[in-house]
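To start, the structure itself, in structure tokens.
The values are calculated or read from the model by the stated rules, or taken from the named source; none is laboratory data. No experiment lies behind these values; they were computed from the predicted model shown. Heads up, the Cβs are rebuilt from the backbone with ideal geometry, glycines too, and the neighbour counts pull from every protein chain shown.
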Amino acid sequence: MERYARIVGTGLYLPEIEVSNAHMAEEMNRTTPGLGDVIFKFEQSSGITKRFYAPRDWATSDLAAKAAMAALEDAGVAPEELDLVLVGTDSPDFITPATSVVTQHKIGARNAGTYDIGCACASFPTGIAAAAGHIATNSWIRYVLVIGAYMMSKLADPGDVTSFFYGDGAGAAVLTFDDKPGFMTSSFIADGSYHKAWGIYSGGTYEPATCESVEAGRTNVRFVSKYPAEVNHQGWPKVVRALAEKGGFQVSDIDLAIFTQVNRYSLDIVMDDLGLPIEKAHWIMDRMGYTGSACIPMALDDARKQGRTKPGDLVVLVGSGVGYNQAGVALRMW
């Protein structure tokens, strides 16, 4: 029997500390008068009205564990039944060890192997594709847990206006095997020439952290130079069309499309380019903020819980992360 991967459960975790745009603007104006006015310009362009923060003594693995348990409950799978735990994040607990192994310990998945996926916001689709490959080629694998988790707010400078975007959260999916495809295909694009545009540039081997680099803010996430809008506005449709070609379906067959949740305006442009009505997109950034590596699984779970999908629906997930990396997968819902 051929083995195919399918998702059997999803879950999300959104922490409880709500931070409105008005509150953020007030805090910024307190230190730099007038700086907070930029917040409302960002709100108009992005559609983000608020975000949520985890307690400051939490780590990314705490968020990942919460979403993992929600997905496992949805799937009816116990932690000890897992064979693999994959965590996609660019706000890891540590440089090493992997956040996935910490998460494995916290959820009690004592029989599972683990690894991290570091493609920023493209990590979750990349993880789904990797999980599908493991399931298809290893007869001993029964359940794989894929998590996207994000706590970049803790690595941002609160006095920098780009902290507007960062909200905390996590989303997860449980995959198992079947004799008919749930996972259909994947597509990937990358251009490493943009690697110095947005990131955390001190604390690794390029520049180990020093007192000077910490004081200069280089151990915080920094937006150094702007990405051309075409990276997403042309890249996302390119990924979707590649999925359609490789998966043997028409773009018009897509029932729901979920893209990286950073900009509501971009969704209009991309859906128009694809010839799909905006009603076939799903977004959460207005309610949950930009949750980076976590936003796609969070949006997938939110869409399911809102009844936006039904069994057999064709769903595409397309992530776009700094570096840059772009990844997409096409799935049939269960």
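Quick one: is Gly167 within 14 Å of the chain's Cα centre (by Cα) and modelled with pLDDT of 95 or more? Here the answer is yes, as Gly167 does meet what is asked.
Which members of region 136-146 meet the condition of being touching a Ser or Thr at 6+ places or on another chain (Cβ under 7 Å) and surrounded by 20 or more Cβ atoms within 10 Å (Cβ to Cβ)? Residue satisfying the conditions is Tyr143 alone. Out of Ile147, Ile189, one residue alone is of a type outside the set (Asp, Glu), at pLDDT 95 or above and closer than 19 Å to Gly9 by Cα. It is Ile147. Filtered by the rule that a residue be among the hydrophobic types (A, V, I, L, M, F, W, C) and part of a helix (DSSP H, G or I), region 234-255 gives Trp236, Val239, Val240, Ala242, Leu243, Ala244, Val251. Filtered by the rule that a residue be within 19 Å of the chain's Cα centre (by Cα) and in a loop (DSSP other than H, G, I, E, B), region 64-94 gives Thr89, Asp90, Ser91, Pro92, Asp93, Phe94. The set of residues in region 43-63 that are under 12 Å from Ala149 (Cβ atoms) and either not in a helix (DSSP H, G or I) or not assigned by TED's automatic domain parsing to the domain that holds Phe124 (or both) comprises Ala54, Trp58, Ala59.
Okay, residues lined up against (1) surrounded by 16 or more Cβ atoms within 10 Å (Cβ to Cβ); (2) at pLDDT 95 or above:
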{"residue": "Thr219", "(1), (2)": "yes, yes"}
{"residue": "Glu230", "(1), (2)": "no, no"}
{"residue": "Trp236", "(1), (2)": "yes, yes"}
{"residue": "Glu245", "(1), (2)": "no, yes"}
{"residue": "Tyr265", "(1), (2)": "no, no"}
{"residue": "Ile278", "(1), (2)": "no, yes"}
{"residue": "Ala281", "(1), (2)": "yes, yes"}
{"residue": "Ile284", "(1), (2)": "yes, yes"}
{"residue": "Asp302", "(1), (2)": "yes, yes"}
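Please determine whether any residue of region 282-300 is outside any helix (DSSP H, G or I), more than 24 Å from Leu72 (Cα to Cα) and outside the structural domain of Phe164 (by TED's automatic domain parsing).
yes
Scan region 108-134 for residues that are in a strand (DSSP E or B), surrounded by 19 or more Cβ atoms within 10 Å (Cβ to Cβ) and over 16 Å from the mean Cα position of the chain (by Cα) and report the count. So that I can check it myself, show each step before the final result.
We begin by selecting, within region 108-134, every residue in a strand (DSSP E or B); these are 113-117.
Pick out the ones that are also surrounded by 19 or more Cβ atoms within 10 Å (Cβ to Cβ) and you get 114, 116-117.
Remaining after also requiring over 16 Å from the mean Cα position of the chain (by Cα): 114.
Qualifying residue count, region 108-134: 1.
Here Ser193 meets the list (1) surrounded by fewer than 16 Cβ atoms within 10 Å (Cβ to Cβ); (2) within 16 Å of the chain's Cα centre (by Cα); (3) hydroxyl-bearing (Ser, Thr, Tyr) almost entirely, failing just condition (2). Within region 41-81, the set of residues being of a type in the set (Ser, Thr, Tyr) and surrounded by fewer than 19 Cβ atoms within 10 Å (Cβ to Cβ) comprises Ser45, Thr49. Say whether the condition of being touching a Phe, Trp or Tyr at 6+ places or on another chain (Cβ under 7 Å) and part of a loop (DSSP other than H, G, I, E, B) is met by at least one residue in region 305-315. Looking for residues that are touching a Phe, Trp or Tyr at 6+ places or on another chain (Cβ under 7 Å) and part of a loop (DSSP other than H, G, I, E, B), one finds at least one in region 305-315, hence yes. Go through (1) surrounded by 22 or more Cβ atoms within 10 Å (Cβ to Cβ); (2) without any contact (Cβ under 8 Å) to a residue 12 or more places away in the chain; (3) acidic (Asp, Glu) for Asp90 and report which single condition fails. Here Asp90 meets the rest and fails (2). Considering the conditions (1) touching a residue at least 60 places away in the same chain (Cβ under 8 Å); (2) of a type outside the set (Ser, Thr, Tyr); (3) farther than 20 Å from Ala65 by Cα, Ala149 is excluded by exactly one of them, (3). Scanning region 1-42 for residues that are over 30 Å from Leu175 (Cβ atoms) and in a strand (DSSP E or B) yields Ile17, Glu18, Val19, Ser20.
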